[in-house]
1. List every residue pair whose Cβ atoms sit under 6 Å apart, with the two residues 6 or more apart in sequence or on different chains, where the first one lies in the stretch 82-99 and is without any contact (Cβ under 8 Å) to a residue 60 or more places away in the chain and the second, anywhere, is surrounded by fewer than 20 Cβ atoms within 10 Å (Cβ to Cβ) and among the basic types (Lys, Arg).
2. So which pairs qualify, if the first residue must be in the stretch 53-70 and within 20 Å of THR43 (Cα to Cα) and in contact (Cβ under 8 Å) with a residue 12 or more places away in the chain, the second must be acidic (Asp, Glu) and in a helix (DSSP H, G or I), the Cβ gap must be under 9 Å, and the two must be at least 6 apart or on different chains?
3. Give the stretch 43-83 a look and list any residue that's hydroxyl-bearing (Ser, Thr, Tyr) and either modelled with pLDDT under 95 or closer than 18 Å to ALA23 by Cα (or both), or say none.
4. Tell me which residues, restricted to the stretch 77-99, are surrounded by 17 or more Cβ atoms within 10 Å (Cβ to Cβ) and among the small types (Gly, Ala, Ser).
5. Just the residues that are of a type outside the set (Val, Ile, Thr) and either in contact with an Asp or Glu (Cβ under 7 Å, 6 or more places away or on another chain) or under 16 Å from ALA33 (Cα atoms) (or both), please, taken from the stretch 80-99.
6. For the stretch 61-99, which residues satisfy the criterion of being of a type outside the set (Ser, Thr, Tyr), part of a loop (DSSP other than H, G, I, E, B) and at negative phi?
7. Being within 18 Å of TYR94 (Cβ to Cβ), of a type outside the set (A, V, I, L, M) and within 14 Å of the chain's Cα centre (by Cα) is the filter here; which residues of the stretch 31-63 pass it?
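The values are calculated or read from the model by the stated rules, or taken from the named source; none is laboratory data. No experiment lies behind these values; they were computed from the predicted model shown. All Cβ positions, even for glycine, are placed from backbone atoms using ideal geometry, and neighbour counts span all protein chains on display.
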Amino acid sequence: MRNLLIAGVAALAAITFAPLAHADVGDFTNYMASHGYPNQGQTQSGYTYLTHGQQACAGLRNGQSEGQMIGQMRQQFGFSRAESDLIVTGAHQYLCPGA
């Protein structure tokens with residue numbers, strides 16, 4: 001019984017004190033830039049990569065998968081598979097990690 005109580009307290013402490021996932025625009029833009037896609041100026045669609053990352057997050061929060069969002073980026077904006085993958089993966093990791 002004592003071991004169960006200790007395990008419960010430890011689990012509660014881990015959840016309580018775990019760092020919360022949060023959006024980090026700087027990390028997203030650094031991620032894109034490190035892969036050859038700087039966020040300065042506009043993309044071929046007329047928007048910045050940050051804007052596209054935020055659009056990807058909106059879709060992910062609405063239940064779309066990364067694969068669906070990658071396909072949407074390709075179809076809607078004409079991005080390559082690699083570019084779409086970077087936008088969506090980076091957005092999910094840095095802009096909306098809880099989505």
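1. Hits for this filter: SER84/ARG74; ALA99/ARG61.
2. ALA56/GLU66; ILE70/ASP85
3. THR43, SER45, TYR47, THR48, TYR49, THR51, SER80, listed by residue number.
4. SER84, GLY90, ALA91, ALA99
5. Across the stretch 80-99, the qualifying residues are ALA82, GLU83, SER84, ASP85, LEU86, GLY90, ALA91, HIS92, GLN93, TYR94, LEU95.
6. Of everything in the stretch 61-99, those that are of a type outside the set (Ser, Thr, Tyr), part of a loop (DSSP other than H, G, I, E, B) and at negative phi turn out to be ASN62, GLN64, PHE79, CYS96, PRO97, GLY98, ALA99.
7. Residues satisfying the conditions are TYR31, TYR49, THR51, HIS52, GLY53, GLN54, GLN55, CYS57, GLY59, ARG61.
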